[in-house]
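Values quoted throughout were computed directly from the atomic coordinates according to the rules given, and no laboratory measurement underlies them. Note that the coordinates shown come from a computational prediction; the quantities given were computed from them, not determined experimentally. Cβ atoms come from the backbone with ideal geometry, glycine included; neighbour counts cover every protein chain shown.
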Amino acid sequence: MSMDLRSKAAVAGVGLYGLGEAPGETHMEIMARAVKAALDDAGVALAEVDGLFTTNMNNLLAGPSVAEYLGIVPRVTDATNFGGSAFVAYLQSATMAIATGLCEVALICYGSNQRTASGKLHSPVEPQPYEAPYKPRNPITAYALATARHMHDFGTTRRDLAEVAVSMRDWAQLNPDAFLRDPLSVDEVLAARMVADPLSVRDCCLVTDGGGAVVLVSEARARTLRKAPVWVRGFGVAHTHKSIMEMPELTISPAAISGPLAFDMAGVTPKDIDIVELYDAFTINPILFMEDLGFCPKGQGGRFFTEGHSRPGGRLPVNTNGGGLSCTHPGMYGVFTIIEAVQQLRGEAGARQVSDCALALVHGNGGTLASQATGILGLER
Amino acid sequence: MTDFPNGPDAQFRQFLAEGRFMLQLCGACGRHVFAPRVLCKHCGSDRLDWVAASGRATVHAATVVRQKPEKGGDYLYALMDLAEGVRMISTVVGTPPDAVRIGDRLRAEIDDTPRVVFRKEGAA
């Protein structure tokens, strides 16, 4: 019998900094300013942080580098690099550390200056001997293959993909922090420059700067907060491959594993979820994840977006900040799914606030549909 | 069984240099694996033997990478279903990239790189 980890940790504070462009600042400076914002939001001092959960695109030894910069000596550190899903996966390791008493205040944090530093997606160089001879443009070529297969198997169309991009943009227009806020139409997406068929440049996430941080605390510490805690009701983490070549099925992501784990722990079903915050690296991601997480049948993800359910006023809002496609995508997006969910649950989301929002699903994606992490956050334990 | 001086990764490339497309077959569970490795990904056995690939494959998924002509132009990047039940990233030669479809039947060959590439059945 395993330990019950439901609601053993709560989000006490969240912080954002430098979404879009933060010229002249390093990834660490951007991250630290987000950390400061999250600690202030929580009403927790930096000296109270005894658990560190972080990775980034710059530091090979991210744990020691980030702890050194912040001047903390954590009792517990997890700097596992799952890719962009890592920060959602840290809901698991941080809750484990808190539930076992190894730490009381866990800090999840990330920062990147990849837009102003290089202007393009920064990816660590790792030899891919069985892909390299064929000139992959990872990650997009891998996602293009999955998209092509989904279209072949289920009749998903480029118009369905475009509807995903437009849904994100509709939300971004309500978010002052979003990087792209101009109106976007399906026709504009369809007419955009092709990068790797069937994906155009408008099917791809942004390349921005940005930092995000989340402070998690124990149940006891949560009782002393000035704001209502947001409980970590459940989580699940799964990865099935690294190279797209060894993905078991191109149209079924490991979200089909991580999702049920999270729902089981939380004791809820997809029908109970009020908002969904997904890692939308490419327009195919939300389609796959809505299917794999059980919000619609396999093959119906495109229809879900085309019918408008995800948009402002829809029955199940998805990526209420505008997502990686229109709000921010500083290399690793996962932490921003948690931050947006917490802001919505607390009723702090301004013009984009979803009414009657009590239970949120957050979902991180890493690598080429490789690592998936799901979290369920709620106002009620 | 031959004792190879190199690991499976180097051995695969050595076979390619000799003009041979070889795959690993598990002596314990009877399934093929790719990419080359030390332990069978299906059963964990280290009894992986090299066998000649049939060279028969179909296109599982394909993308055309769009690139300006001065940079080499558009090219096909595809995932192939090999008859042995494994998948492999490769490309298709002898057919324009836009004319390759999921399900197309292919035959493997080794180009000058050397690397395994595929040609549509019946294509010149």
Just to be sure I understand the filter: pairs with C-beta atoms under 6 Å, separated by 6 or more residues or on different chains, first member in region B:92-113 and farther than 16 Å from A:LYS135 by Cα and more than 9 Å from chain A (Cβ to nearest Cβ), second member surrounded by 12 or more Cβ atoms within 10 Å (Cβ to Cβ) and of a type in the set (Gly, Ala, Ser). Which pairs pass? B:GLY94/B:ALA123; B:THR95/B:ALA123; B:VAL100/B:ALA62; B:LEU106/B:ALA57; B:ARG107/B:GLY55; B:ALA108/B:GLY55
Would you say A:GLY236 is touching a Ser or Thr at 6+ places or on another chain (Cβ under 8 Å), away from chain B (no Cβ under 14 Å) and of a type in the set (Gly, Ala, Ser)? yes
Return the residues of region B:95-124 that are acidic (Asp, Glu) and either exposed (fewer than 12 other Cβ atoms within 10 Å of the Cβ) or over 14 Å from B:LEU79 (Cβ atoms) (or both); say none if nothing qualifies. B:ASP98, B:GLU109, B:ASP111, B:ASP112, B:GLU121
From A:THR328, A:THR320, which residue is farther than 21 Å from A:LEU199 by Cα, among the hydroxyl-bearing types (Ser, Thr, Tyr) and touching a helix residue (DSSP H, G or I) at 6+ places or on another chain (Cβ under 9 Å)? A:THR320
Condition check: within 12 Å of chain A (Cβ to nearest Cβ), part of a strand (DSSP E or B), closer than 21 Å to A:GLN128 by Cβ and more than 17 Å from the chain's Cα centre (by Cα). Does B:VAL59 satisfy that? no
Inside region A:127-146, can you point out the residues that are more than 8 Å from chain B (Cβ to nearest Cβ) and either part of a helix (DSSP H, G or I) or within 23 Å of the chain's Cα centre (by Cα) (or both)? A:ALA132, A:ASN138, A:PRO139, A:ILE140, A:ALA142, A:TYR143
If you scan region A:155-190, which residues turn out to be within 14 Å of chain B (Cβ to nearest Cβ) and farther than 15 Å from A:PRO286 by Cα? A:GLY155
Candidate set from region B:67-90 (those that are more than 18 Å from the chain's Cα centre (by Cα) and among the charged types (D, E, K, R)); member that is nearest to the other protein chains (Cβ to nearest Cβ): B:ASP74
Do we have B:VAL64 as within 10 Å of another protein chain (Cβ to nearest Cβ), touching a helix residue (DSSP H, G or I) at 6+ places or on another chain (Cβ under 6 Å) and in a strand (DSSP E or B) here? yes
Find the residue count for region A:242-272, including only residues that are buried (at least 22 other Cβ atoms within 10 Å of the Cβ), away from every other protein chain (no Cβ under 14 Å) and not aromatic (Phe, Trp, Tyr). 8
Can you pull out the residues in region B:26-55 that are within 22 Å of B:LEU106 (Cβ to Cβ) and either part of a helix (DSSP H, G or I) or touching a Leu at 6+ places or on another chain (Cβ under 7 Å) (or both)? B:HIS32, B:VAL33, B:PHE34, B:VAL51, B:ALA53
